[in-house]
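Okay, so here's the structure we're looking at.
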Number of protein chains: 2
Amino acid sequence: MLAEVLTIGDELLTGHTVDSNSAFIASKLVERGYWVRRITTVGDDVEEIKTVIGEILARKPEVLVISGGLGPTHDDVTMLAVAEALGKKLILCEECLEKIKAFYERLYREGYIDDPSLNEGRKKMAYLPEGAEPLENTEGAAPGAFIEHEGVKIFVLPGMPREMKAMLEKEVLPRLGRRKFLQRKFLAEITDESKLAPILREALKKFKVKIHSSPKGFGKYIGLIIFAEDEGELEKTVEYLESRGIKLEEA
Amino acid sequence: MLAEVLTIGDELLTGHTVDSNSAFIASKLVERGYWVRRITTVGDDVEEIKTVIGEILARKPEVLVISGGLGPTHDDVTMLAVAEALGKKLILCEECLEKIKAFYERLYREGYIDDPSLNEGRKKMAYLPEGAEPLENTEGAAPGAFIEHEGVKIFVLPGMPREMKAMLEKEVLPRLGRRKFLQRKFLAEITDESKLAPILREALKKFKVKIHSSPKGFGKYIGLIIFAEDEGELEKTVEYLESRGIKLEEA
């Protein structure tokens, strides 16, 4: 149930913009029962983005949410970088092109822009990695993309918060399933770390839970996150661990 | 010229806290002439922190600023993780211990705490990686640390924004020296960002500058930030953009 978030934009690296997108995305993933392991921010640079996507895929999260760099300008290179990272071509999405056209025609009719024509920058936004499913942008021009790659669900979203939030709610979360996953964090007090592993293995056999453990340094505490679909299974796991001599303190 | 920022804290990964520290740190580094290449956020987990520090050091930035996880609780494991990542021991800093003692005695005298004694958690904050120079925390208990490791200047700062900001200004920036690196922000008056793209691409070819553009909504303004090492290159870029019909207004 691990997830990662990647935000893209030079304005985040210069400090001109505080990255509130990653916290929003993380909170929604956590609500769905995912544990966000890492958040990374890189600039509008094809090579950087490709490199970091490769690194994230190697860690094999279940979900990767990418946000930023889908617009019409020279520095909006995210779709190209995603395609290259996955060894795919960028392919014209005809359905996306129609929507982009309609979007600019509406802005023109409403007097926001002087020219509704599909120039190079606007057309660029209709290209998605081969095999990607387009994600509708109800608040802006650029579509997002959903790609499953070697077991990782990859979602590519715009960086404008209003567009990103709408797409996350309407297009991403419904694709993450309706499984209700519970998660609770504990500090486990134990005197001997090596005793914990066999007890955890037994708990995993007995109950329908997932357990993430990590050392907390400085002495006798281990961080535990227990994931379960069922509150009863989670409770029974806690009781079992305590019956085996592990003192748990909710964290 | 490259720098990286690493922020640490489970509260950032759950989305409970928006990470404004990394933007603040980045903006100060950019002012000093560094280009922040990547910002990473991980949780309060020794193994995660060690892993990511190893990855950052392998990219050989000139500067790495780490923030978060220096407090007295069990999940404040940053110093331990930094020490382990560098293959160093944690060593008691006597000078730091005196300051921590004085800090809690002051809080006690002022009625903020019931017990000024140096318990295990408070004492823990006085341990720094071997060879590290302590950085004074004028706003809190936990000292920071400065370590040069294989050409990388590593600064370890607290996560509380008030403490982090004071330490960055007073202890980090004076150690970075000053480099000439200019950045100017403009509002470009144009009705559509995508018309701007080909003109920007030409400017990037002609002059030694970096240009960041961001839409300001659907009005006629686009935000531009031009970065240059040389004032002349920056001026020539501005003149060129204006000669191509882009009206620039300093922002």
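The values are calculated or read from the model by the stated rules, or taken from the named source; none is laboratory data. The shown structure was predicted, so the numbers you read here are calculated from the model rather than taken from an experiment. Quick reminder, even Gly has a Cβ in these numbers, built from the backbone with ideal geometry, and neighbours come from all protein chains shown. We work out accessible area using only protein heavy atoms, side chains counted, and drop any ligands, DNA or RNA first. Shrake-Rupley method; radii C 1.70, N 1.55, O 1.52, S 1.80 Å.
Quick notes on this structure:
- Scanning the range B:68-88 for residues that are away from chain A (no Cβ under 13 Å) and of a type outside the set (A, V, I, L, M) returns B:GLY87, B:LYS88.
- Filtering the range B:57-96 to residues that are β-branched (Val, Ile, Thr) and either within 23 Å of B:ALA23 (Cα to Cα) or open to solvent by less than 60 Å² (accessible area, probe 1.4 Å) (or both) leaves B:VAL63, B:VAL65, B:ILE66, B:VAL77, B:THR78, B:VAL82.
- The residue that is nearest to the other protein chains (Cβ to nearest Cβ), among those in the range A:20-41 that are open to solvent by 20 Å² or more (accessible area, probe 1.4 Å) and more than 11 Å from the chain's Cα centre (by Cα), is A:SER20.
- Residues in the range A:2-18 that are under 15 Å from the mean Cα position of the chain (by Cα) and open to solvent by 20 Å² or more (accessible area, probe 1.4 Å): A:LEU2 alone.
- Residue within the range A:12-19 that is more than 9 Å from chain B (Cβ to nearest Cβ) and under 30 Å from B:LYS195 (Cα atoms) present: no
- Hey, B:PHE155 more than 14 Å from chain A (Cβ to nearest Cβ) and at pLDDT 95 or above or not: yes
- When B:LYS205 is tested against the conditions (1) at pLDDT below 90; (2) within 13 Å of chain A (Cβ to nearest Cβ); (3) exposed (fewer than 14 other Cβ atoms within 10 Å of the Cβ), the lone failure is (1).
- Test for A:GLY140: is it open to solvent by 70 Å² or more (accessible area, probe 1.4 Å), outside any helix (DSSP H, G or I), over 19 Å from A:ILE39 (Cα atoms) and not hydroxyl-bearing (Ser, Thr, Tyr): no
- Tally, over the range B:42-56, of residues that are at the interface with chain A (Cβ under 8 Å from one of its Cβ atoms) and open to solvent by less than 10 Å² (accessible area, probe 1.4 Å): 4
- Flag for A:GLY54 being out of contact with any strand residue (DSSP E or B) (no Cβ under 8 Å at 6 or more places or on another chain) and modelled with pLDDT of 95 or more: yes
- Criterion: surrounded by fewer than 20 Cβ atoms within 10 Å (Cβ to Cβ), part of a helix (DSSP H, G or I) and over 25 Å from the mean Cα position of the chain (by Cα) - qualifying residue of A:ARG122, A:ARG106: A:ARG106
A quick yes/no check of all residues on (1) away from chain A (no Cβ under 14 Å); (2) buried (at least 19 other Cβ atoms within 10 Å of the Cβ):
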{"position": "B:GLY159", "(1), (2)": "yes, yes"}
{"position": "B:GLU171", "(1), (2)": "yes, yes"}
{"position": "B:ARG184", "(1), (2)": "no, no"}
{"position": "B:LEU224", "(1), (2)": "no, yes"}
{"position": "B:GLU235", "(1), (2)": "yes, no"}
{"position": "B:VAL238", "(1), (2)": "yes, yes"}
{"position": "B:SER243", "(1), (2)": "yes, no"}
